[in-house]
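K.L.:
Just dropping this structure here.
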Amino acid sequence: MRAQYILAAVGSMLLVPGAAAAATSPVSALAALPGPVALRAPGAVTPVAGLTMTTNDRGRTTWHDLVAATGRGYCLAQKESGYRWMGSYGANARGATEDLDLDRLVEKDGTATLERTRVHFDPPSGTITATGRSQVELKEIARTPAGVVVWAYREERAIVVLAKRVVGGVESHQIGSAETGVPFVSVDGCPFAGARLDARKPEAGAFVQLTGALPAQGTGKDKVLPKFIVDASLSRVARDPEPLLAVRVRVHE
C-alpha cells in the first residue's frame, strides 16, 4: 500500500506541464542536525535574536504576539501532526507554555545553513527564552533555471527537504496517525519551508511534496504567476548500497 501511495502521488505530477529538474543523492551525503546546545539563560529572559514579542490588552484578555524577523531569514516552526511554518504566532496570557523552533536559513559564500534556536514561550509570565541552539549545513539536491533550489538534511529519524517561496505541501503519510491522516505542510508568512520524509524504513518508501510560487512575470494581460512543485521520495531497493533521496522540481505557469 505504501508503494502504491507513492507511485500514485508521483504519477499525478507527471500530468503537470513545464520545465523540470531532477536529481538523486545518497542519504549518507546529507548532514545531520545535532541536538541543541543548551544556552545559559540570562537574568532577563528576553530578547531572543530574530524574534520579538509584543503584549496587548484585549478587553479581559492579555495577548502576546511573537513575530519572527522573516526579512533576515527567520521563521517559527511547529511539528505536531504536520509541519507548520509561521512568520508570527500568538497566545493569550492564560495559554499553556510551549517550545517553538526559530529556524533561520542563511546563504553565504555558496553554502546554505539552517540555524535553529529552541524558544520556550511562557504566556502566563509573558516571557520568551532561548534554551538551545544548533545548526546544520544543507545539501543542495536540485536547482532549476528559474531559481528554485531544494536543500536537504537529516533530523532524528527523518529527512527534511527545504525550499524558498513554499506555500504548502504534504509530508510522508507515515508521520501522521490514524486520527490526523496524511500530515500537511502549512506556511504563513515564511520565506522558506520544508517537509519531513520518514527515514525509518526506506525500503518501504516515503514521499513528500512542496508547492510554491515564483515572482510574477510580465504586466497587465501578459502577467503570469509561475508556480513550482517539488516531489521528493526516499527509497532503497536490493541493488542500492544505501537509501537514495530523489527530488524532482517542475515549474509551470
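The values are calculated or read from the model by the stated rules, or taken from the named source; none is laboratory data. Predicted, not measured: the structure shown is a model, and the values here were computed from it. Ideal geometry is used to build each Cβ from the backbone, glycine not excepted, and the neighbour counts take in all protein chains shown.
Residue by residue, here is whether (1) without any contact (Cβ under 8 Å) to a residue 24 or more places away in the chain; (2) closer than 15 Å to residue 75 by Cβ holds:
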site	(1), (2)
125	yes, no
158	no, no
165	no, yes
173	no, no
194	no, yes
199	no, no
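K.L.:
Does residue 112 count as part of a strand (DSSP E or B), at pLDDT 95 or above, not polar (S, T, N, Q) and not assigned by TED's automatic domain parsing to the domain that holds residue 251? Explain how you work it out, then say what you get.
P.N.:
Working: part of a strand (DSSP E or B): yes; at pLDDT 95 or above: yes; not polar (S, T, N, Q): yes; not assigned by TED's automatic domain parsing to the domain that holds residue 251: yes.
For residue 112, the condition - part of a strand (DSSP E or B), at pLDDT 95 or above, not polar (S, T, N, Q) and not assigned by TED's automatic domain parsing to the domain that holds residue 251 - is met.
K.L.:
Across region 153-183, what is the total count of residues that are crowded, with 18+ Cβ neighbours inside 10 Å and either at pLDDT 90 or above or assigned to a loop (DSSP other than H, G, I, E, B) (or both)?
P.N.:
Taking region 153-183 and keeping what is crowded, with 18+ Cβ neighbours inside 10 Å, we get 153-155, 158-166, 169-175, 183.
With the extra rule that they be either at pLDDT 90 or above or assigned to a loop (DSSP other than H, G, I, E, B) (or both), the set shrinks to 153-155, 158-166, 169-172, 183.
The number of residues fulfilling the criteria is 17.
Per-residue answers, yes or no, for (1) in contact with a Phe, Trp or Tyr (Cβ under 8 Å, 6 or more places away or on another chain); (2) in the same structural domain as residue 209 (by TED's automatic domain parsing):
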position: 91; (1), (2): yes, no
position: 101; (1), (2): no, no
position: 124; (1), (2): no, no
position: 142; (1), (2): no, yes
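For every residue, the table says whether it meets (1) modelled with pLDDT of 95 or more; (2) under 14 Å from the mean Cα position of the chain (by Cα); (3) assigned to a loop (DSSP other than H, G, I, E, B); (4) of a type outside the set (D, E, K, R).
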position: 96; (1), (2), (3), (4): no, no, yes, yes
position: 131; (1), (2), (3), (4): no, no, no, yes
position: 141; (1), (2), (3), (4): yes, no, no, yes
position: 150; (1), (2), (3), (4): yes, yes, no, yes
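K.L.:
To continue, here is another question. Being small (Gly, Ala, Ser), assigned by TED's automatic domain parsing to the domain that holds residue 128 and closer than 30 Å to residue 230 by Cβ narrows it down to one of 25, 81, so name that one.
P.N.:
Numbers: 25 fails: assigned by TED's automatic domain parsing to the domain that holds residue 128.
None of the others qualify; the one that does is 81.
K.L.:
Out of the residues in region 192-231 that are polar (S, T, N, Q) and modelled with pLDDT of 95 or more, state the one that is farthest from residue 167 (Cα to Cα).
P.N.:
Step by step, filter region 192-231, then rank; the result is 209.
K.L.:
Moving on to the next point. So is residue 97 free of Cβ contacts under 8 Å to residues at least 60 places away in the same chain and hydroxyl-bearing (Ser, Thr, Tyr) or not?
P.N.:
yes
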